[in-house]
Amino acid sequence: MAQPLAKKDDDRDDEEYSPFLGIEKGAVLQEARVFNDPQLDARRCSQVITKLLYLLNQGESFTKVEATEVFFSVTKLFQSRDIGLRRMVYLIIKELSPSADEVIIVTSSLMKDMNSKTDMYRANAIRVLCRITDGTLLTQIERYLKQAIVDKNPVVASAALVSGIHLLQTNPEIVKRWSNEVQDAVQSRAALVQFHAVALLHQIRQNDRLAVSKLVTSLTRGNVRSPLAQCLLIRYTSQVIRESGNAQAGDRPFYDYLEACLRHKAEMVILEAARAITELHGVTPRELTPAITVLQLFLSSSKPVLRFAAVRTLNKVAMTHPVPVTNCNIDMESLISDQNRSIATLAITTLLKTGNESSVDRLMKQITNFMSDIADEFKIVVVEAIRSLCLKFPLKFRALMNFLSNILREEGGFEYKKAIVDSIVILIRDIPDAKESGLLHLCEFIEDCEFTYLSTQILHFLGIEGPKTSDPSKYIRYIYNRVHLENATVRASAVSTLAKFGAMVDSLKPRVFILLRRCLFDSDDEVRDRATLYLNTLGGDGSVVETDNDVKDFLFGSLDVPLVNLETSLKNYEASEEPFDINSVPKEVKSQPLAEKKAQSKKPTGLGAPPTGPASTVAAYEALLSSIPEFSNFRKLFKSSAPVELTEPETEYAVNVVKHIFDSHVVFQYNCTNTIPEQLLEDVIVVVDASEAEEFSEVASRSLRSLPYDTPGQTFLAFEKPEGVPAVGKFTNLLRFIVKEVDPTTGEAEEDGVEDEYQLEDLEVVAADYILKVPVFNFKNAWDSMGADFERVDEYGLGPRENLTEAVNAVINLLGMQPCEGTEVVASNSRSHTCVLSGVYIGNVKVLVRLLFGIDSSSKEVAMKLTVRSEDGAVSDAIHEIVASG
């Protein structure tokens, strides 16, 4: 038997207490025999079912025999008239998920309950039946489900509608036949029924954009009373507005409806409408005004949840439209002392985004008292907001830098201290006047820093920026102290930093040489090895050895490969007579799109999506393509793109394509997934019309012999293009295959099939496909070392833009290059911005780009100065041609 429940003593208040303490599966299964007693004890049976449900929800697995015995025992409980026990029976049947042959045993009892006069029986029976039945039985009870949707009892109607939402995933064709009944349920006076009906009706039509638009049109003109349904409708309306692509205030569809919802009596509807308006693409200050007005009223609400929702929404708006939010600053200042620290943090960060230069000092005084009362996670948010404020008002860097320095010395965890250090580093890089004071603050911090990682990062940064200051010698003391007072890791980093000062500052070379010689007697091997290496690299007189430029560049120059790629390559390197070749390390940084990450949980991707590691991605694609005879003579693979989706989500067939770029060929890898269980696809091939890609000619293809359900497969198509030329073009794609029906019981396909085809989205090869994203970790050094021999400069007009962020992102996407040193981030309300990019052009030609943007405050016209440096003048000209034609 199970152990008795533990009694909660007064002296054990601090311990966790569970009424299920000591429950074991074997003992509970023994107790389940009570279900077979002639005289049922409803209370005891309910307790046993509760224990079974607990075990199931804790992840306890039941064998097939155990689950079957429990299921058959539970079915005997239908003879009890106890309503509480009956509810527990419904729950355990849902959780056990009986097999198809076992479902028949309980179906008659559930169908009887579904037609019972007791509404509670009817509602729960509907939920259970829809959970455990298959498509065959579902057709038999479809008539009852339709009646339940329009039932006068809201509990029964909601149960049927919610079941329909779940069934739509497995039996969509059956649920789509309920549209008329669901449409009637939308007119229900019951709030939950109307909410569930609107949700189901939208899901039925979600793959038809025109049908969704018509649904939203009819509902916005209709009488949706339920606040929950109104919130859903607002979200669907926002979706239609986004998909319409019309950002003009006067022509924006449904905006009047959203604005009318701001006057709704339900607070949740008002908040949902305000949030929807603030998130509209290209929203204007005139459109924002009514939403911000109602949010301002909620800031003074007595309900914490309303204050939090309002200030969080305003915080997001302040990132893109700080000026309209300034009207709320007085109300937000009162929230700094709010008992809810989340509200106070959001208020502070919003004020930092919307404040002007004259209010900085006052805000700093308020924040100083505030910081000691909040957790590290909130402090990090505040630090990031202060960093943005400093970039916005660079003349205030002294006050803000002193504030960051002061909180850096206070108590705090690693992530908090790292956020402060990162902020100071960014300010040093972006505000020249802040360099010397910022470096001194960092030097003072490492005197007492308890985090090895932060100490090494500061020393590394000091080695880059310190030699460029007016008086580099004042940092030597701080660096050398680390050699004596720190652990081996920090000491080794300090030795490297000393060597950089000696290599880059002539006056410090003799002094550094003496200090490095002292490090030869260190107790740690790494420290001694580094000191020896740098002393051999530096001459005896302290000068850098000019005859060994490669060593000098390796030690003191920038590493032009991503560290994560280098790490992966080193891990994969097997010791042999051949030394490790750093040129074999892939230079492109692979970043996985958010949409792709979400899709991974829904369907397998095989080689359709890049593997996790950047280096393994290139290796996997190269191995795959070289194993195909038709493509084995295409020479070295230059670049593989991220997968481009060619189908909408939730369609019959999921297809995406990866573009593999070679010097004189382009290979399209079509990753296909069959999402229909009852079909087998054979002889799958993508037929491509390249009439709009004149420079490409098809040379090879490889079809997919078989594509079973939910098993990814690949089909390939290769095109030849002029060698070394970044040819562009548009390709029309048509999926062609033979479809065979599959018997759901045996899983075998029919012998005869039918030819069919499926239209895919068009695919474009653009100029960015011929450029690798390769980061440069010290852009200024790389720019200076590249030289101006092949520099090309020109100016361009980018037309009217909402803000500089939009213009910067457009040019980055056009060129397909890697933003460096965080310059892709534009400060709010900035009228000018500099962005630097790096990459490798096809033919392995390094390219560096410097972009200078300016925006006119009245006309919103954006002008751009583009400066390109590369190792080949033709490549510099090609970059300008891409921008000119884009």
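Mean sequence separation of contacting Cα pairs (under 8 Å, at least six apart), scaled by the length of segment 35-127, corresponds to a relative contact order of 29 percent.
On the principal axes of its alpha carbon atoms, segment 447-545 extends 35, 31, 16 Å, with the longest extent given first. Hydrodynamic estimate: the Kirkwood radius of the chain over Cα pairs, inserted into Stokes-Einstein at 4 °C and 1.567 mPa s, corresponds to D of 39 µm²/s.
Computed over segment 770-885, the quotient of the alpha carbon radius of gyration and 2.2 N^0.38 Å is 1.02. One Cα centroid belongs to segment 440-455, the other to segment 341-357; the line between them spans 28 Å. Separation of segment 851-886 from segment 86-152 is 66 Å, based on Cα centroids.
Per residue, segment 629-709 exposes 45 Å² of solvent-accessible protein surface, assessed with a 1.4 angstrom probe and all protein chains in place. Using a probe of 1.4 Å on the protein chains alone, the accessible area found for E764 is around 100 Å². For segment 447-545, the Cβ-based charge dipole about the Cα centre amounts to some 340 debye (Lys, Arg positive; Asp, Glu negative; other atoms uncharged). Shown here: segment 309-432, whose C-alpha atoms stretch 33, 30, 22 Å along the first, second and third principal axes, sorted largest to smallest.
This model, with +1 at the C-beta of Lys and Arg and -1 at the C-beta of Asp and Glu, gives segment 391-458 a dipole about its Cα centre of some 360 debye. Annotation: per residue accessible area for segment 712-758 equals 55 Å², rounded to a whole number [probe 1.4 Å, protein chains only]. Only one residue of Q140, L538, V74 has its Cα farthest out toward the positive end of the dipole of the chain, where Lys and Arg carry +1 and Asp and Glu -1 on Cβ, and that residue is V74.
In the chain, the portion of solvent-accessible area held by carbon and sulfur atoms comes to 49 percent [1.4 Å probe, whole percent, DNA, RNA and ligands not counted]. Think of the chain as having a plus end and a minus end, set by charges on the Cβ of Lys, Arg, Asp and Glu; of C328, V811, I174, C328 sits farthest toward the positive end of this dipole. Per residue, the solvent-accessible area of segment 274-404 (1.4 Å probe, heavy atoms of protein chains only, all protein chains present) comes to 44 Å².
Computed from point charges on the beta carbon alone (+1 for Lys and Arg, -1 for Asp and Glu), the dipole magnitude for segment 620-765 about its Cα centre is near 1000 Debye. If you take the Cα centroid of segment 209-231 and the Cα centroid of segment 763-811, the two points sit 45 Å apart. Across segment 806-817, rounded Karplus estimates of 3J(HN,Hα) from the backbone phi angles (6.51 cos²θ - 1.76 cosθ + 1.60, θ = phi - 60°) give 4, 5, 5, 5, 5, 6, 4, 5, 5, 7, x, 9 Hz, Gly and Pro being marked x. Scaled against 2.2 N^0.38 Å for its residue count N, the alpha carbon radius of gyration of segment 620-765 is 1.10.
The values are calculated or read from the model by the stated rules, or taken from the named source; none is laboratory data. Quick caveat, the model's predicted, so the values are computed rather than measured. Heads up, the Cβs are rebuilt from the backbone with ideal geometry, glycines too, and the neighbour counts pull from every protein chain shown. Ligands, DNA and RNA are excluded from the accessible area calculation, which covers all protein heavy atoms including side chains. Shrake-Rupley method; radii C 1.70, N 1.55, O 1.52, S 1.80 Å.
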